[in-house]
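What follows is a short report on a single structure.
The values are calculated or read from the model by the stated rules, or taken from the named source; none is laboratory data. Because the structure is predicted, anything quoted here is derived from the model rather than measured. Here the Cβ positions follow ideal geometry from the backbone for every residue, glycine too, while neighbour counts run over all protein chains shown.
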Amino acid sequence: MKSQHLTRARVRSALSVFVVLVICGLMFTASASLANGSSDRHAENLPELVAQESERVADLQDEVDDLDAEISTLQEEAGVDATDGTSADMRVVSGSIAVEGDGVRVSLNDAPDSALSDDYRPDDLVVHQQDLQGFVNALWAGGAEAMTLQGRRVGPTTAFRCVGNVLILHGRVYSPPYVVEAIGDPDALRAGMDDSDAVEIYRSWVDVVGLGLDISDETGLEMPRTESVELSYARLPDDQLDEVAS
């Protein structure tokens, strides 16, 4: 009986680890999409891009719903307690639950038209994708536990695009100012930004042309669950799913 009990415990432990690894894989498989076009500072066909993004969001949402169901099934079959520390942390990072906590708010804005001169192009006066992405990455590096962009939950799997001076996120279009909120230790989050080369470059342009930058410590930040996530090519193989279920 004792040997049987230990065997079951080991199997359950192994399944729990497997489920956590599966969730990690689903979260981070598409994180490289954040880097796509990160150095792109040229205008593109905005209407066409918006249409493509909207269609892609709809398709991805269907995949997300299916994957959420698979994850829930795996957790139940493996006996993973959704309230334990590891599972709860994974749900926070993945954005699958709403969260509240202290952190920082970062606001980026275009420079005023009055800054335009023979020395600078109009392109120099706007917030670009690499600027916004630089702050987002710096906040993650600083230990952010959860994050929103324009009030919408983002995570390591979230892809966004800046075209001209507009932001495309989850198939929606936003104009500046761009507001990033991050939950975590404010000092550590600020340190993450201070250590970022991308943030340093942006700050230099704040001094030169007057790009907008406001960073403030915040208490009681409320963040909704993620609407959709980028999960292209992230699928649990059928043979692995059958192996866990058996």
Would you say Val244 is over 30 Å from Asp118 (Cβ atoms) and either assigned to a loop (DSSP other than H, G, I, E, B) or modelled with pLDDT of 95 or more (or both)?
no
Evaluate the following for Asp81: is it modelled with pLDDT under 75, more than 26 Å from Asp194 (Cβ to Cβ) and part of a helix (DSSP H, G or I)?
no
Anything in the stretch 174-186 that is surrounded by fewer than 17 Cβ atoms within 10 Å (Cβ to Cβ) and either under 14 Å from Val136 (Cβ atoms) or out of contact with any strand residue (DSSP E or B) (no Cβ under 9 Å at 6 or more places or on another chain) (or both)? List them, or say none.
Val179
Return yes or no: is Asp207 over 19 Å from Val104 (Cα atoms), out of contact with any Pro (no Cβ under 8 Å at 6 or more places or on another chain) and either in a loop (DSSP other than H, G, I, E, B) or among the charged types (D, E, K, R) (or both)?
yes
If only one of Gly155, Gly171, Gly192 is of a type in the set (Gly, Ala, Ser), surrounded by 15 or more Cβ atoms within 10 Å (Cβ to Cβ) and modelled with pLDDT of 95 or more, which one is it?
Gly192
Restricting the first residue to the stretch 94-106 and requiring it to be in a loop (DSSP other than H, G, I, E, B), which pairs with a second residue that is surrounded by fewer than 22 Cβ atoms within 10 Å (Cβ to Cβ) and at pLDDT 85 or above meet a Cβ separation below 9 Å and a spacing of at least six or different chains?
Gly95/Pro224; Ala98/Glu222; Ala98/Pro224
